[in-house]
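Step one of this worksheet: look at the structure below.
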Amino acid sequence: MRKLKLQMSISLDGYVARPEGQLDWMTWDQDAKLLDFITHVADTSDTILMGRKMTPEFITYWENVVDNEPDNFYSKFAPKMVNTEKIVFTKTLSSIPGRNVRVENGDLVEKIKQLKTQEGKDILAYGGANFISSLIAHNLIDDYYLLLNPTAIGKGLSIFSDTKPFRLIDSRAYECGIVVNHLRPRVAE
């Protein structure tokens with residue numbers, strides 16, 4: 001059975017974005033070893049899940065790097081983001097422009113359970129905050145890769161709305177200051 005993995009940046013004080021969704025606080029000067037780790041997680045997946053709100057910026061950024069920025073730090077990683085199938089969950093749109101993008105209007109829980117039973121590599125969820133909160137609320141995420149940025153932002157959007165115990169699988173610090181915590185939900189014994 002395929003796993004659903006979350007990879008998401010988070011601030012020291014537990015937010016994934018500022019109140020209006022801004023990501024200006026994130027550490028953008030990442031180092032090569034962190035990029036290797038992010039690439040590894042992407043390589044173990046063949047499907048990306050996203051919510052509607054973050055999709056246009058995500059698509060525009062990665063397609064622009066592929067098409068126009070051969071010297072960008074992420075130029076070797078960008079084709080993975082463009083060429084991997086992306087499923088966007090929305091109740092308001094029937095299509096979204098972009099390469100390898102399809103829209104899913106159906107029931108979130110049923111569709112993800114169905115995706116998990118299909119053949120293939122794992123599934124990777126990127127965000128946004130409301131979409132990820134829904135995945136968490138329905139206990140759909142198997143592995144969490146939280147990129148803890150060395151910044152506190154004071155207030156913002158959280159992906160957690162209730163107490164949720166985790167088991168730490170691994171924790172690695174990178175030169176840029178980001179610490180990646182790999183966690184799994186703690187299952188009641």
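General observations
- Every pair of residues 6+ apart whose Cβ atoms lie under 6 Å, when the first sits in segment 78-107 and is at positive phi while the second is surrounded by fewer than 16 Cβ atoms within 10 Å (Cβ to Cβ) and not in a loop (DSSP other than H, G, I, E, B): N100/E85
- Just one of the numbered conditions (1) hydroxyl-bearing (S, T, Y); (2) more than 25 Å from D24 (Cβ to Cβ); (3) in contact (Cβ under 8 Å) with a residue 24 or more places away in the chain is not true of Y145: (2).
For (1) touching a helix residue (DSSP H, G or I) at 6+ places or on another chain (Cβ under 7 Å); (2) polar (S, T, N, Q); (3) more than 19 Å from V16 (Cβ to Cβ), each residue gets a yes or a no:
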{"position": "V41", "(1), (2), (3)": "no, no, no"}
{"position": "E63", "(1), (2), (3)": "yes, no, yes"}
{"position": "F89", "(1), (2), (3)": "yes, no, no"}
{"position": "T92", "(1), (2), (3)": "no, yes, yes"}
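- Looking only at segment 169-189, and only at residues there that are surrounded by fewer than 12 Cβ atoms within 10 Å (Cβ to Cβ) and of a type outside the set (A, V, I, L, M, F, W, C), the one that is nearest to N139 (Cα to Cα): R186
- The single residue among G21, G106, G14 that is part of a loop (DSSP other than H, G, I, E, B) and either touching a His at 6+ places or on another chain (Cβ under 7 Å) or exposed (fewer than 14 other Cβ atoms within 10 Å of the Cβ) (or both) turns out to be G106.
- Of all positions in segment 127-143, at least one carries a residue that is surrounded by 16 or more Cβ atoms within 10 Å (Cβ to Cβ), touching a His at 6+ places or on another chain (Cβ under 9 Å), under 23 Å from G51 (Cα atoms) and among the charged types (D, E, K, R).
- From the list R167, R184, R172, the lone residue that is charged (D, E, K, R) and under 19 Å from L35 (Cα atoms) is R172.
- Check on N72, polar (S, T, N, Q), surrounded by fewer than 16 Cβ atoms within 10 Å (Cβ to Cβ) and not in a loop (DSSP other than H, G, I, E, B): no
- Those residues of segment 118-169 which are part of a loop (DSSP other than H, G, I, E, B) and under 15 Å from H182 (Cβ atoms), in sequence order: I141, D142
Readers should treat all values here as calculations from the given coordinates under stated rules, not as data from a laboratory. Owing to the predicted nature of the structure, the values given are computational and were not obtained by experimental measurement. Here the Cβ is made from the backbone with ideal geometry for all residues, glycine too, and neighbour counts use every protein chain on show.
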